[in-house]
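Enquirer: The structure is given below, and queries will be raised subsequently.
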Amino acid sequence: MNIQVYGSAARAGVAAAQVLAAQIIKDPFSVLGLATGSTPLPAYEALVELNKAGIIDFKTIRTFNLDEYVGISRTHEQSYHSFMHTHLFSKVNIDPQNTQLPYPSSDDPEEDCRAYDAAIDDAGGIDLQILGIGHNGHIAFNEPSDLFTYGTHIVELSKSTIEANKRFFDSADDVPQKAITMGIGTIMKAREIVLIATGQDKAQAVASMILGEIDPQCPASALLLHPQVTIFLDEDAASLLQ
Ligand code: PGA
């Protein structure tokens, strides 16, 4: 695990974006795993600038997002479909056909989950996965649990996650209680992983991930077993590391 600490959240985001940009230049047919949340926004802004400057081209890039709420429509302003459209897809020259997010649209959500994992496999697997981390150590919506999950699945969101995400809704009661998420196994199959964590409120989760045991109660700790992970931190998120 390679850990890099930067002087600000913006600089950590730009540094992570440079890894994504390098992947796009190295392989114009790359498959990227994308994340939502406040953390990756500086990275997405940097990618938009690089695309506008003609340095990176999204024309043949394919993307799979980590997760989506269950129980709100794709067009809901807080859906992750909307988030990705607003912050990245509408601002770069990506083909919308090449962008996928999980969504349980049929009567058989388990089949939708299997189909999402199959679509990732059919695309050749994820070359580079970007991640944030939750206060409770979750990655994507893999909440603390007794076991690491394998494939894409439906989850009940924890109180901690609902509390953290209520800032985007009118109240905690309006936050969906369920989500569809790539599993830890889906994430671990990515050939390379970039995790960004910024802010003092992430310091404990970062310390548990890096300094603690490999334990599904801290889902991000599974990344200690992945051979190609880079963690981009600002000084606040790194403050509990030696
Ligand atoms: P955040 O969410 O970037 O909005 O803090 C990260 C996460 O919950 O994974």
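Enquirer: Starting from the range 159-178, keep only residues that are open to solvent by less than 50 Å² (accessible area, probe 1.4 Å) and hydrophobic (A, V, I, L, M, F, W, C), then list their pairs with residues that are within 12 Å of the ligand (Cβ to nearest atom) and assigned to a helix (DSSP H, G or I) whose Cβ atoms are within a distance under 7 Å, requiring at least 6 positions of separation or different chains.
Expert: Note: pairs meeting the criteria are Ala172/Ile162; Ala172/Glu163; Ala172/Lys166; Val175/Ile162; Val175/Asn165; Val175/Lys166.
Enquirer: Select from the range 138-181 the residues that are farther than 21 Å from Gln204 by Cα and in contact with a strand residue (DSSP E or B) (Cβ under 7 Å, 6 or more places away or on another chain) and list them in ascending order.
Expert: Thr149, Thr152, His153, Ile154, Val155, Glu156, Pro176, Gln177, Lys178, Ala179, Ile180, Thr181
Enquirer: Is it the case that the range 209-224 has a residue that's within 17 Å of Ala35 (Cβ to Cβ) and open to solvent by 20 Å² or more (accessible area, probe 1.4 Å)?
Expert: Here is the first cut: in the range 209-224, the ones within 17 Å of Ala35 (Cβ to Cβ) are 209, 219-220, 222-223.
Next, only the ones that are open to solvent by 20 Å² or more (accessible area, probe 1.4 Å) stay: none.
No: zero hits.
Enquirer: Is there a residue in the range 58-72 that is within 14 Å of the ligand (Cβ to nearest atom), within 27 Å of Val206 (Cα to Cα) and open to solvent by 20 Å² or more (accessible area, probe 1.4 Å)?
Expert: No, the range 58-72 contains no residue that is within 14 Å of the ligand (Cβ to nearest atom), within 27 Å of Val206 (Cα to Cα) and open to solvent by 20 Å² or more (accessible area, probe 1.4 Å).
Enquirer: I'd like the full set of residues that are in a helix (DSSP H, G or I) and hydrophobic (A, V, I, L, M, F, W, C), limited to the range 15-33.
Expert: Selection gives Ala15, Ala16, Ala17, Val19, Leu20, Ala21, Ala22, Ile24, Ile25.
Enquirer: Away from the ligand (no atom under 16 Å from the Cβ), under 18 Å from the mean Cα position of the chain (by Cα) and not in a helix (DSSP H, G or I): is that true of Ile126 in this structure?
Expert: So Ile126 fits the description; yes.
Enquirer: Can you name every residue in the range 179-208 that is surrounded by fewer than 20 Cβ atoms within 10 Å (Cβ to Cβ) and basic (Lys, Arg)?
Expert: Result: Lys189, Arg191.
Enquirer: In addition: Check whether at least one residue in the range 201-215 is within 15 Å of the ligand (Cβ to nearest atom) and not in a helix (DSSP H, G or I), and report yes or no.
Expert: As a first pass, look at the range 201-215 and keep what is within 15 Å of the ligand (Cβ to nearest atom): 201-206, 208-209.
Next, only the ones that are not in a helix (DSSP H, G or I) stay: none.
No: the range 201-215 contains no residue that is within 15 Å of the ligand (Cβ to nearest atom) and not in a helix (DSSP H, G or I).
Enquirer: All but one of (1) under 23 Å from Val229 (Cα atoms); (2) within 16 Å of the ligand (Cβ to nearest atom); (3) outside any loop (DSSP other than H, G, I, E, B) hold for Thr36; state the number of the condition that does not hold.
Expert: Result: Thr36 passes all but (3).
The values are calculated or read from the model by the stated rules, or taken from the named source; none is laboratory data. The structure displayed is predicted, hence computed values, not measured ones. Glycine gets a Cβ as well: all are built from the backbone with ideal geometry, and neighbour counts include every protein chain shown. In case anyone asks, the SASA skips ligands and DNA or RNA and just uses the protein heavy atoms, side chains included. Shrake-Rupley method; radii C 1.70, N 1.55, O 1.52, S 1.80 Å.
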